[in-house]
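Written below as structure tokens is the structure these notes are about.
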Amino acid sequence: MARYQRGITLVELLIVLSVMGIIMSIAMPFYKRHIIRANEAALQENLFHLRDSVDAFFADHRAYPTQLSDLVERKYLRAIPKDPMTGSTDTWLLLAPEADEEGNLAEGDVFDVRSGSPKTGLNGIPYSQW
């Protein structure tokens, strides 16, 4: 048989697999970091839209919503977005309004919204404080 018809040897196959393994072990951390950044960008976008809807609700009704579903019922949002860090719509942390300088509280229960994830972002700030 001619040399070009014999195929590849086991040693050649092992060398190729080793090189591929090394390349994958280098690329995997970059891939994971990219996924985390994408989720953080989605979280920032969702928080912006939720907070904007809460502000619009307050501007129209002079009271904050009692729950996030009020925003959907009154058509400020089509649906409650998922928290990309937890993958659920039920884990949002809802912050009540604080008293103003005169001690008056605004009506309603949802003044601000934050992520319910216990994890910390790439910037070192916990997602629950964004």
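Quick notes on this one:
- Put simply, of Met28, Met20 the only residue that is farther than 25 Å from Gln129 by Cα, under 30 Å from the mean Cα position of the chain (by Cα), surrounded by 10 or more Cβ atoms within 10 Å (Cβ to Cβ) and of a type outside the set (Asp, Glu) is Met28.
- Checking Asp100 against (1) more than 23 Å from Ser128 (Cα to Cα); (2) of a type in the set (D, E, K, R); (3) touching a residue at least 40 places away in the same chain (Cβ under 8 Å), the condition it does not meet: (3)
- So Asp109, is it part of a helix (DSSP H, G or I) and surrounded by 10 or more Cβ atoms within 10 Å (Cβ to Cβ): no
- Just so you know, in region 59-94 the residues that are of a type in the set (Asp, Glu) and in a helix (DSSP H, G or I) include one that is farthest from Glu40 (Cα to Cα), and it is Asp60.
- Conditions (1) assigned to a helix (DSSP H, G or I); (2) loosely packed, with under 13 Cβ neighbours inside 10 Å; number of the one not met by Asn46: (2)
- Ile35 being over 28 Å from Ile125 (Cβ atoms), free of Cβ contacts under 8 Å to residues at least 60 places away in the same chain and part of a helix (DSSP H, G or I): no
- Within region 85-106, considering residues that are surrounded by fewer than 14 Cβ atoms within 10 Å (Cβ to Cβ) and modelled with pLDDT under 80, the one nearest to Phe57 (Cα to Cα): Leu105
The values are calculated or read from the model by the stated rules, or taken from the named source; none is laboratory data. Just so it is clear, the structure is predicted and the values come from calculations on it, not from any experiment. We place every Cβ from the backbone using ideal geometry, glycine too, and count neighbours over all the protein chains shown.
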